[in-house]
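The block underneath contains the structure these notes are about, expressed in structure tokens.
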Amino acid sequence: MTNIENKIFSSYQKDATLYDEIFDSEGQIKEVYQKLFSLYGEHSIKDYVNLNSKAKASFFNQGITFQVYGDKETKEKIFPFDLFPRIIDPTEWDIIEKGSIQRSKALNLFLWDVYHDKNIIKDGIVPMELISSSDNYLDQMQGLEPPEGIYNHISGIDIIKHNDGKYYVLEDNIRCPSGVSYVICNRTALKRALFGVFNHYQTYSVTNYAENLLDLLETVKPHGVDVPNTVVLTPGMYNSAFYEHSYLAKTMGVELVEGRDLFVENDFVYMKTIKGPEKVDIIYRRVDDQFIDPLEFNPDSVLGVPGLFAAYKKGNITLANAPGTGVADDKAIYTYMPEIIKYYLKEEPILNNVHTYHCSRPDELEYVLKHIHELVIKPVDEAGGYGILIGNKLSDKEIELAKNQIKATPRKYVAQPIMSLSVHPTYIDDSEEFEQRHVDLRVFTVLGKNKEFVLKGGLTRVALQKGNLIVNSSQGGGSKDTWVLKSI
Amino acid sequence: MSIEYTINYSTTNTYENIVKSAFWQFLILPESNKNQELVNVKLNNSLNVANEISINGYGFKTVRIHTKKEFTKLLFEATFHVIKNDINPYQFTEDNTEEIKLINNINYLIDFESFLKCTTYTKLPKTDHKLFVFDWSKTIFQNLQNLNNWVYNFIYFKVNKTNIYTTLEEIIINKHGVCQDFTHLFCAIARKNKIATRYTSGYLHQGNGYFGDSQMHAWAEAYIPKIGWVGFDPTNDLLADINHIKVCHGKDYQDCAPLKGVIYATGKNKTSHTVQVLSQQQ
């Protein structure tokens with residue numbers, strides 16, 4: 001039996017109602033964490049404070065920052081990193097990996113269908129209104145064949161562990177999911193700070209992401225191209241994820257470009273270089289749909305490339321992800337995921353979905369309005385945790401306001417029971433102690449031609465404010481290194 | 001019978017300040033379809049840059065011009081030769097039970113969803129004005145023909161009173177407008193009655209005093225079950241015929257705008273177009 005009187009955990013407070021990732025319900029350390037627990041116990045909390053500030057400085061020096069958009073000002077911040085890693089054992093990981101691939105494939109087939117025959121709607125599985133009222137459905141994608149039939153090359157699936165100990169998917173991100181660079185930087189930072197602990201675990205590497213991404217993107221090159229030229233298209237240095245764009249380009253060994261670096265001639269895309277124009281075949285674009293081509297979408301966009309969409313429609317370039325994928329990661333479509341998986345793959349969903357109430361349905365709307373204090377209210381088309389309301393945290397006045405908003409535009413909202421995200425010991429600056437904090441996990445899946453890759457690690461995000469359930473970095477969350485074990 | 005047309009399109013764009021770089025996309029090329037054939041295209045621009053033929057997001061042919069030379073004036077001219085066949089008289093049914101069943105079928109609603117939905121330009125306001133009401137004892141074709149006539153009488157053709165930002169609400173209150181306003185109102189009422197309808201852009205040969213020459217023209221195409229797309233020109237109270245030369249279609253004007261540009265310059269600009277449609281009967 002492990003000694004629970006560990007120095008650095010002496011004042012760790014366990015809330016019995018929460019699912020703790022490292023302590024079981026009897027307060028014992030779970031098997032996978034035992035070695036780590038005793039290794040960390042060899043340090044004093046003072047050592048820890050020291051290492052923590054070094055890790056922070058390392059992030060700042062590397063320029064690993066992001067921007068938070070607020071009403072008043074925009075700030076550049078480092079993404080708070082926690083030195084105590086999260087460990088996922090091989091059996092659990094197997095479920096997550098298989099489940100993520102299953103979801104990504106089902107979403108891809110769904111996208112093909114809604115931009116072609118729309119059989120899932122004709123068969124009455126998904127209602128037409130969800131597609132026709134979605135701002136993210138692009139009519140221009142109808143009948144278009146993306147190279148090798150892939151739409152969502154890169155998916156970021158957000159998973160939590162509920163207090164029943166089971167994994168649930170909270171949402172699928174298949175537009176331009178970000179965060180993968182943090183997975184790799186977190187690993188680097190932890191290795192620098194506490195290299196020794198890695199000797200005691202057989203952990204999968206996470207540094208192979210970029211090479212796998214490039215390999216898989218190259219499998220979906222445009223028809224007729226022999227050796228494809230790939231670039232990463234960024235909105236520029238003022239984008240919140242610019243660090244990641246530059247990191248991915250650097251590690252893939254490809255050029256990082258802005259819209260003004262590219263031009264279209266006779267429906268082919270070229271990059272301006274000092275040696276003259278260079279043809280581009282695959283664009284990993286981190287610019288949103290509406291901004292990729294001012295001639296086809298938002299005419300005021302200066303981030304895109306005029307004529308890009310025509311080049312795409314003619315099959316001369318691959319865009320990853322394809323335009324119009326946003327229709328499938330809408331929070332209203334999410335609720336149909338179990339049916340979508342069964343419909344296309346004839347399989348049972350491997351990962352659970354959280355039960356969702358659609359405010360667009362009168363009976364469910366009534367339930368939501370009545371039980372609003374027990375529910376999380378989410379706008380269907382906002383990303384990054386913006387606009388989420390947690391019922392039991394609202395004042396009476398806020399509840400009234402929320403109800404009126406929902407009643408005015410019910411289609412815009414869905415509601416879910418308040419899920420209890422699992423907690424993980426996290427070092428807290430203010431108290432200089434380890435405390436329980438809620439965590440989730442973003443898993444990155446890449447689809448290529450008859451091949452897929454899941455990054456064995458993923459981004460564990462931590463809600464740093466006590467009791468807070470929203471882990472998004474834009475909402476003040478932090479992150480942890482995430483270990484997937486080869487064996488226990 | 002078929003007619004050979006020569007269409008001359010020209011536009012002049014002048015800019016207050018020097019333009020450093022620009023892209024234009026013209027959606028003005030007649031399409032080739034079962035009733036018409038584009039046999040010859042001549043393009044010319046005053047900047048001496050390439051006229052690229054490409055497509056827009058809906059697959060219709062476009063002409064694109066890109067320049068990095070500084071300028072303040074662009075003149076663009078295009079000449080098309082089109083052979084247009086007379087449109088065969090349609091075989092319309094007398095009995096509407098079957099067609100009403102078809103427009104309520106789930107597959108029809110899903111397949112034609114793009115042309116059944118309400119868009120910015122085809123949104124009917126809540127007004128006290130009495131708008132056209134379908135008579136379901138009649139066939140869809142009869143209803144659309146009556147709607148065509150109703151729109152024609154409802155709006156007075158008047159140029160320079162409306163622009164591309166005018167809403168249907170203003171049109172309905174003020175009752176004047178140009179071909180795109182007539183067409184949007186036709187589409188809006190037809191769609192409200194579950195008839196898939198698309199906004200169509202093109203050229204009109206004005207033999208005898210119809211509106212629509214000297215500018216590009218707009219009309220509507222409605223889908224009639226078992227027959228297909230039939231063109232209605234509410235500006236002239238006509239069915240689209242041998243005089244209507246189609247360029248493209250879309251949900252509304254926005255999908256069919258003849259000229260789109262991305263201009264890197266400050267200050268004001270002026271655009272003028274002229275269109276000439278000449279015929280030679282074969």
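Just the residues that are within 14 Å of chain B (Cβ to nearest Cβ) and more than 20 Å from A:LEU217 (Cβ to Cβ), please, taken from the stretch A:265-277.
A:GLU265, A:ASN266, A:ASP267, A:LYS272, A:PRO277, listed by residue number.
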For the stretch A:351-363: of the residues being part of a loop (DSSP other than H, G, I, E, B) and of a type outside the set (S, T, N, Q), which is surrounded by the most Cβ atoms within 10 Å (Cβ to Cβ)?
A:CYS359
From the list B:ILE103, B:ILE87, pick out the single residue that is surrounded by 12 or more Cβ atoms within 10 Å (Cβ to Cβ), under 30 Å from B:PHE134 (Cβ atoms) and in contact with a Pro (Cβ under 7 Å, 6 or more places away or on another chain).
B:ILE103
Testing B:THR62 on (1) over 29 Å from B:ILE242 (Cβ atoms); (2) among the β-branched types (Val, Ile, Thr); (3) surrounded by 13 or more Cβ atoms within 10 Å (Cβ to Cβ); (4) modelled with pLDDT of 90 or more, one condition comes back false. Which one is that?
(1)
Need the failing condition index for B:ASN35 against (1) within 14 Å of chain A (Cβ to nearest Cβ); (2) crowded, with 18+ Cβ neighbours inside 10 Å; (3) among the polar types (S, T, N, Q), just the number.
(1)
Considering only residues that are within 11 Å of chain A (Cβ to nearest Cβ), in a loop (DSSP other than H, G, I, E, B) and without any contact (Cβ under 8 Å) to a residue 60 or more places away in the chain, which ones fall in the stretch B:99-154?
B:ASN105
Going through the stretch B:38-61 in order, the residues found to be in a strand (DSSP E or B) and within 11 Å of chain A (Cβ to nearest Cβ) are B:GLU52, B:ILE53, B:SER54, B:ILE55, B:LYS61
Answer with yes or no whether A:GLU366 is surrounded by fewer than 21 Cβ atoms within 10 Å (Cβ to Cβ), at pLDDT below 95 and farther than 30 Å from A:MET237 by Cα.
yes
Residue within the stretch B:1-22 that is charged (D, E, K, R), surrounded by fewer than 19 Cβ atoms within 10 Å (Cβ to Cβ) and touching a Cys at 6+ places or on another chain (Cβ under 9 Å) present
no
Over the stretch B:94-124, the set of residues among the hydroxyl-bearing types (Ser, Thr, Tyr) and within 28 Å of the chain's Cα centre (by Cα) is B:TYR108, B:SER114, B:THR119, B:THR120, B:TYR121, B:THR122
Would you mind stating whether A:VAL305 is away from chain B (no Cβ under 14 Å), in contact with a strand residue (DSSP E or B) (Cβ under 6 Å, 6 or more places away or on another chain) and in a loop (DSSP other than H, G, I, E, B)?
no
Given the conditions (1) hydrophobic (A, V, I, L, M, F, W, C); (2) more than 22 Å from A:GLU148 (Cβ to Cβ); (3) not assigned by TED's automatic domain parsing to the domain that holds A:PRO410, report the number of the one that A:ILE292 does not fulfil.
(2)
Wholly within the stretch A:86-204, which helices (runs of 4 or more DSSP H) include no fewer than the required count, namely at least 2 residues that are in contact (Cβ under 8 Å) with a residue 40 or more places away in the chain and away from every other protein chain (no Cβ under 14 Å)?
A:90-114, A:180-193
If you check A:GLY448 against the conditions, is it small (Gly, Ala, Ser), surrounded by 24 or more Cβ atoms within 10 Å (Cβ to Cβ) and either under 24 Å from A:TYR151 (Cα atoms) or modelled with pLDDT of 90 or more (or both)?
no
Let me spell it out: the conditions are (1) over 30 Å from A:ASP164 (Cα atoms); (2) surrounded by fewer than 18 Cβ atoms within 10 Å (Cβ to Cβ); (3) of a type outside the set (Asp, Glu), and A:LEU345 meets all of them except one. Which number is the exception?
(1)
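How many of the residues making up the stretch A:372-415 are outside any strand (DSSP E or B) and in contact (Cβ under 8 Å) with a residue 12 or more places away in the chain? Steps first, answer last, please.
Kept after step one, since they are outside any strand (DSSP E or B), are these residues of the stretch A:372-415: A:372-374, A:380-388, A:391-412.
Now narrow it down to the ones that are in contact (Cβ under 8 Å) with a residue 12 or more places away in the chain: A:372-374, A:380-381, A:383-386, A:388, A:391-392, A:394, A:399, A:402-403, A:406-407, A:410-412.
Number of matching residues: 21.
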Does at least one position in the stretch A:370-378 carry a residue that is more than 14 Å from every other protein chain (Cβ to nearest Cβ), within 19 Å of A:ILE154 (Cβ to Cβ) and surrounded by 16 or more Cβ atoms within 10 Å (Cβ to Cβ)?
no
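The values are calculated or read from the model by the stated rules, or taken from the named source; none is laboratory data. Treat the numbers as computed from the prediction; the structure is a model and nothing was measured. Because the Cβ atoms are built from the backbone with ideal geometry, glycine has one as well, and the counts that use them run over all protein chains shown.
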